[in-house]
1. I'd like to verify a number: residues in the stretch 45-65 that are in contact with a helix residue (DSSP H, G or I) (Cβ under 6 Å, 6 or more places away or on another chain) and either part of a helix (DSSP H, G or I) or open to solvent by 50 Å² or more (accessible area, probe 1.4 Å) (or both), how many?
2. Name the residue that is farthest from residue 205 (Cα to Cα), counting only residues in the stretch 231-244 that are open to solvent by 30 Å² or more (accessible area, probe 1.4 Å) and in a helix (DSSP H, G or I).
3. Collect the residues in the stretch 86-122 that are assigned to a loop (DSSP other than H, G, I, E, B) and of a type outside the set (A, V, I, L, M), keeping them in residue-number order.
4. Test residue 365 against the stated conditions and say whether it is modelled with pLDDT of 95 or more, more than 22 Å from residue 202 (Cβ to Cβ) and not hydroxyl-bearing (Ser, Thr, Tyr).
5. Against the conditions (1) open to solvent by 40 Å² or more (accessible area, probe 1.4 Å); (2) within 23 Å of residue 288 (Cα to Cα); (3) not in a helix (DSSP H, G or I), where does residue 25 fall short? Just the number, please.
6. Go through the stretch 250-297 and tell me which helices (runs of 4 or more DSSP H), entirely inside it, have 2 or more residues that are among the polar types (S, T, N, Q).
7. From the set of residues in the stretch 105-142 that are in contact (Cβ under 8 Å) with a residue 12 or more places away in the chain and of a type in the set (Lys, Arg), which is nearest to residue 366 (Cα to Cα)?
8. Select from the stretch 192-230 the residues that are more than 26 Å from residue 280 (Cα to Cα), surrounded by fewer than 18 Cβ atoms within 10 Å (Cβ to Cβ) and in contact with a strand residue (DSSP E or B) (Cβ under 8 Å, 6 or more places away or on another chain) and list them in ascending order.
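The values are calculated or read from the model by the stated rules, or taken from the named source; none is laboratory data. Since this is a predicted model, take the numbers as computed values, not measurements. Cβ coordinates were reconstructed from backbone atoms using ideal geometry, including for glycine residues, and neighbour counts include every protein chain displayed. For accessibility, only protein heavy atoms count, side chains too; no ligands or nucleic acids. Shrake-Rupley method; radii C 1.70, N 1.55, O 1.52, S 1.80 Å.
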Amino acid sequence: MKKVILMSMEDDKIEWSPAKYQLLDSLKARGFVTYVILPDRLKNRSRITAIDYVINAKGMTAWEIRKEIIKINPQIVIATLYVDTAITYLLPFIMKDTSFYYYNLEIYTPYVDKEIMSEDIKYYFGYKLRYPLEKIKEILYTRFAKGFTIQDPLRRKLAAKYHVWHPNTIYIPNSYVFNESALVPKGREGVIYSGGIKRRFLVEQFDDLKSIHDLPVVFTGIIDSWCFKRIKKLQRTNPNLKFVQQVLSINEYTDYVRQFAIGLVWYSSLKEDETHYCMGLSSGKMFKHLSLGQPIIAVDCMGITETVNKYQLGVVIHNISELPQAYKIIMDNYSYYQENVIRTYQQRFDFKKRIEPFLELIENDVSLNV
């Protein structure tokens, strides 16, 4: 029996991480019995059929979780974030017949948004104090892992800056499985921004939205307090800008996004927030739009700008005030941009194809340990 454990100690929202639930789907399709370790009970489990066993680690110490992993005795353990490696870092020295991997989804840096300090000072200083030791654990785990995945060379370079690197690195964009039946139908109009409506993503240009008066734009997602204050002012002067705070299932989210012609990919983070400033191919929202054959307007961002321009997936703007002009350019040539998106996505970003080298690596390890 082939057993794999996926660590997901960041949160219990597997449904909202395509990297995780699609990886589980792929492992299940290859005959693995799948275990997931979460910090709480799994919500909406019926929507994620590729999980065989869930370990609810709420209230468990790191050592108790390690003992549970040792008891399961899997062939493969996959960590996804530093909160996972903080638990698993000792296990490669104990479990000699198990292969460990770091399927990295977020680069761990010492940066914490200052808005968080004003809202939760305990969390802010707790994060700062924990960082040196947790970083050492992450480095140690990666050093003795069999392989490391990250989204692209830009992100690999940034991870290495913070001492996390591996000679056996595989690039896997934070993309979706391509589904032709889900493509945006012809005749759609309008712009949709989906995801976090948060200071850390939008701080540099949010106030420039006031210059957009004629183009209807919908923003949907979770709104933080910093943006909420500014939205109240915008709604008095810019009724064409609609802000919808909602949490949808993954299928509802897909159907909602498909109502619009163009996706807005907007990261205007501060330079010191390197994880989001160097977004590259880790943007799930960009790949949601592209997976639906939806051209994008992207605010200039490292890694995203180069991809959009190289493959003509839409229009890159330098300031959000340029949004109406970019919208017109795409709508006047919609078929051209949509065809580029669909062709490029199938060739370069389809998760089903991009995950194969990682799956082959795991399968080879399992066969060697039999």
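1. Matching residues across the stretch 45-65 total 3.
2. 236
3. The answer is 89, 96, 97, 98, 104, 106, 108, 109, 110, 111, 113, 120.
4. Spelling it out, it is not the case that residue 365 is modelled with pLDDT of 95 or more, more than 22 Å from residue 202 (Cβ to Cβ) and not hydroxyl-bearing (Ser, Thr, Tyr).
5. Residue 25 satisfies all of (1) open to solvent by 40 Å² or more (accessible area, probe 1.4 Å); (2) within 23 Å of residue 288 (Cα to Cα); (3) not in a helix (DSSP H, G or I) except (3).
6. The qualifying helices (runs of 4 or more DSSP H) are 250-257.
7. 137
8. 215, 216
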